[in-house]
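Below you'll find the structure, written out as structure tokens, and then a few comments.
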Amino acid sequence: MSSEFFIPAPEGQVPSAEGYFGAFGGKFIPEVLVATVDEVAVEYEKAKADPAFVAEFEDLLVNYTGRPSALAGALEVGKELGKDGLIIVNLSGRGDKDMDTAARYFGLHDAAEGESK
């Protein structure tokens with residue numbers, strides 16, 4: 001198969017059950033979807049060359065998703081707390097869900113009772 005964006009897996013390698021090659025490997029894309037993925041990649045390259053798209057994208061990063069004020073505030077609080085202080089900054093969206101996942105990961109949440117320790 002010929003594709004600018006498709007690199008076949010090395011011979012003998014198969015993806016994991018989740019579709020990945022190794023801990024940091026690329027995601028397996030079924031051959032039937034390669035042409036579609038190529039189309040998306042080509043359109044994305046066109047969009048990146050469009051000044052109107054770039055301007056709107058940069059505006060969204062600053063004013064919607066990438067609001068630097070959250071990090072700036074954390075840095076200021078960090079200065080006040082000193083080197084032994086602890087700050088948790090959620091950068092991924094649904095903070096209610098993410099904090100629960102982190103609490104479970106660090107053993108700070110009792111799943112049966114739904115309460116933090």
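The values are calculated or read from the model by the stated rules, or taken from the named source; none is laboratory data. Every value quoted in this text rests on a predicted model; they were computed, and no experiment measured them. Heads up, the Cβs are rebuilt from the backbone with ideal geometry, glycines too, and the neighbour counts pull from every protein chain shown. SASA here: full protein model, heavy atoms, side chains in, ligands and nucleic acids out. Shrake-Rupley method; radii C 1.70, N 1.55, O 1.52, S 1.80 Å.
Some values worked out for this structure:
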item	result
GLU80 versus TYR44: modelled label distance in nm, points set 7 Å from Cα along the beta carbon direction	4.0 nm
Probe 1.4 Å - accessible area at GLU39, Å² to nearest ten	120 Å²
Estimated FRET transfer efficiency when R0 is 22 angstrom, pair GLU56-ALA35 (beta carbons, to 0.05)	0.20
5 angstrom amide H check on TYR20, placed H, neighbours 5+ away	PHE28
Heavy-atom SASA rank of PHE53, PHE106 (probe 1.4 Å, accessible area, largest first)	PHE106, PHE53
Label-point separation in nm, LEU71 to ALA103, each point 7 Å along Cα→Cβ	2.7 nm
